[in-house]
Every structure is written in structure tokens, then in C-alpha cells.
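Enquirer: Pasting in a structure now, in C-alpha cells, and then I'll have a few things to ask.
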Amino acid sequence: MLGPSGCGKSTLMRSIVGTQAKVAGTLEVLGRLAGHPTLRTRIGYVTQAPSVYDDLTVRQNLDYFAAILDPGRAAAERRQADVTRAITDVDLTSHADALAGNLSGGQRSRVSLAVALLGTPELLVLDEPTVGLDPVLRRDLWNLFHDIAATRGATLLISSHVMDEAERCHRLLLMREGEILADDTPEALRTRTGSETVEAAFLHLVDEAVAAGRAKETTR
């Protein structure tokens with residue numbers, strides 16, 4: 001999901017996970033109305049701001065959320081394995097016992113991502129998960145995203161305003177001012193607009209939308 005800041009990406013994502021107030025109409029996710037209680041273990045969600053407890057360590061944060069998702073003594077061993085896997089996935093093994101409040105901003109964002117990876121979510125909704133991260137970590141996270149999609153069968157809905165990240169996606173939703181301008185593959189969008197890059201394709205579609213709006217105003 002690609003578009004400039006303020007275009008409505010986060011609002012749409014919150015609507016999908018059922019946390020957006022005052023939503024008109026209906027939205028179905030995985031065969032249920034958005035926000036349905038049965039979706040809580042089927043969807044992983046990462047907000048723009050890290051959603052972790054600063055006074056707990058990385059592992060304690062994940063232990064806490066794992067216990068909510070998979071409660072009971074019988075699930076203790078499964079939870080422990082899940083927590084260890086999630087910490088490894090986001091490359092925080094060496095910081096597992098560090099307080100979240102003492103981590104860098106990028107590391108705290110990775111803790112939030114690890115929480116979303118607990119269990120086996122069918123849908124991961126990630127709101128600008130790579131913002132503020134260095135190029136190497138961004139690359140590693142995108143490799144992880146592709147691995148999750150390929151090996152775990154999950155769908156990942158990722159928002160960004162960084163155009164070069166669009167080339168890493170299988171399908172794009174281009175947004176502007178609360179509206180979806182296009183829904184297609186990067187290659188199809190480049191072909192449709194006669195552009196060499198997704199950024200150029202996006203700008204082409206924006207210009208088309210602006211021109212169409214002006215024409216509509218003229219005919220009134």
C-alpha cells in the first residue's frame with residue numbers, strides 16, 4: 001500500500017484490523033466482519049509507533065503477548081518456542097534480555113514486529129515497518145517478509161511512502177487523498193502508464209486524477 005503521508009493508509013489498516021472508530025459501511029476480512037473476536041489470533045498488526053512495554057525486556061514483552069494469544073499451562077512449551085522463533089526472525093537474539101526502553105527506535109520497532117509474528121497469523125498488517133531502519137536491516141526485513149509469504153502461506157499488507165520498496169511487492173495499492181488510484185502488479189502499472197519506475201507510474205496516475213477532477217469541475 002503506497003502513498004504519501006496523510007493519504008489514508010493507516011486509517012485503512014486500522015479499519016482492516018478492527019481498531020478504527022467511526023467507520024462507515026462494512027469491511028470483511030478473512031470471511032468475517034473486521035474486528036470480529038475470532039480474527040484476533042489470525043491477524044498480526046504492527047502500528048507505526050512501537051507497541052511495547054519499555055519496563056519489560058524483549059523476551060518478557062513477547063512472553064506476555066504470547067500468553068494472551070495462546071493461554072494455559074499446556075501451551076507453555078509451544079509459547080516458548082514461538083517466542084524464540086520470533087526473536088530470531090527479527091534478529092534480536094543478542095538483545096533478548098535488554099529492556100525495551102533501552103533499545104534504539106529501530107530495535108523497538110522490531111520488537112513490535114516480533115509480537116505480530118507470534119503464532120501463525122494468516123494476515124500480517126504492517127504499517128510502515130521499515131521507517132527509520134538502516135538499509136541493511138530494511139533489506140533483511142524484506143527478505144523475511146518474502147520468506148513468510150512463501151513458506152508460511154501468510155498474506156502481508158505493508159504500507160510505505162518509500163517508492164523503491166514498491167518494487168519488492170507482488171501487488172500494489174496506490175493511494176492519494178483517501179482514494180485508491182490503482183490496484184495492480186508493479187510491472188502492470190509501469191506498462192499501463194508507460195513508465196520505467198513505480199514512482200513515475202504513481203506520479204502519472206496522480207496527474208491523471210488531478211486532470212479528471214479539473215475536467216469534472218469545468219463541466220458543472
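The values are calculated or read from the model by the stated rules, or taken from the named source; none is laboratory data. Remember, it's a predicted structure, so these values are computed and weren't measured experimentally. No Cβ is skipped: glycine too gets one built from the backbone with ideal geometry, and neighbour counts run over all protein chains shown.
Enquirer: Conditions: (1) under 13 Å from the mean Cα position of the chain (by Cα); (2) free of Cβ contacts under 8 Å to residues at least 60 places away in the same chain. Residue 159 meets all but one. Number of the miss?
Expert: (2)
Enquirer: Could you check segment 1-27 and list, in sequence order, the residues that are modelled with pLDDT of 85 or more and over 15 Å from residue 159 (Cβ atoms)?
Expert: Within segment 1-27, 18, 26, 27 meet the criteria.
Enquirer: Could you list all residues from segment 85-101 that are over 20 Å from residue 142 (Cα atoms) and free of Cβ contacts under 8 Å to residues at least 12 places away in the same chain?
Expert: Passing the criteria: only 94.
Enquirer: Of the numbered conditions (1) more than 15 Å from the chain's Cα centre (by Cα); (2) farther than 30 Å from residue 164 by Cβ; (3) surrounded by 14 or more Cβ atoms within 10 Å (Cβ to Cβ); (4) not acidic (Asp, Glu), residue 18 satisfies every one except a single condition; which is it?
Expert: Condition not satisfied by residue 18: (1).
Enquirer: For segment 123-220, please list each of the helices (runs of 4 or more DSSP H) lying entirely inside it that holds at least 3 residues being crowded, with 18+ Cβ neighbours inside 10 Å, in contact with a helix residue (DSSP H, G or I) (Cβ under 8 Å, 6 or more places away or on another chain) and at negative phi. Please lay out each step first, then the result.
Expert: Values: elements: 135-152, 163-166, 186-193, 198-219.
Once the helices (runs of 4 or more DSSP H) in segment 123-220 are filtered for at least 3 residues that are crowded, with 18+ Cβ neighbours inside 10 Å, in contact with a helix residue (DSSP H, G or I) (Cβ under 8 Å, 6 or more places away or on another chain) and at negative phi, what remains is 186-193, 198-219.
Enquirer: Going by the conditions given, is residue 51 of a type in the set (S, T, N, Q), modelled with pLDDT of 90 or more and under 21 Å from residue 156 (Cβ atoms)?
Expert: For residue 51, the condition - of a type in the set (S, T, N, Q), modelled with pLDDT of 90 or more and under 21 Å from residue 156 (Cβ atoms) - is not met.
Enquirer: Return the total of residues in segment 59-118 being surrounded by fewer than 21 Cβ atoms within 10 Å (Cβ to Cβ), out of contact with any helix residue (DSSP H, G or I) (no Cβ under 7 Å at 6 or more places or on another chain) and small (Gly, Ala, Ser).
Expert: Result for segment 59-118: 9.
Enquirer: Additional query: For segment 18-62, give me each residue that is in contact with a Lys or Arg (Cβ under 9 Å, 6 or more places away or on another chain) and in contact (Cβ under 8 Å) with a residue 60 or more places away in the chain.
Expert: Of everything in segment 18-62, those that are in contact with a Lys or Arg (Cβ under 9 Å, 6 or more places away or on another chain) and in contact (Cβ under 8 Å) with a residue 60 or more places away in the chain turn out to be 29, 30, 42, 45, 47, 50, 52.
Enquirer: Can you pull out every residue in segment 113-146 that is of a type in the set (S, T, N, Q) and farther than 22 Å from residue 80 by Cα?
Expert: Selection gives 130, 143.
Enquirer: Something else: With segment 1-117 as the region, which helices (runs of 4 or more DSSP H) entirely inside it contain at least 1 residues that are under 30 Å from residue 198 (Cβ atoms)? Explain how you work it out, then say what you get.
Expert: On the way: elements: 9-17, 58-69, 76-89, 105-116.
Here the list reads 9-17, 76-89, 105-116.
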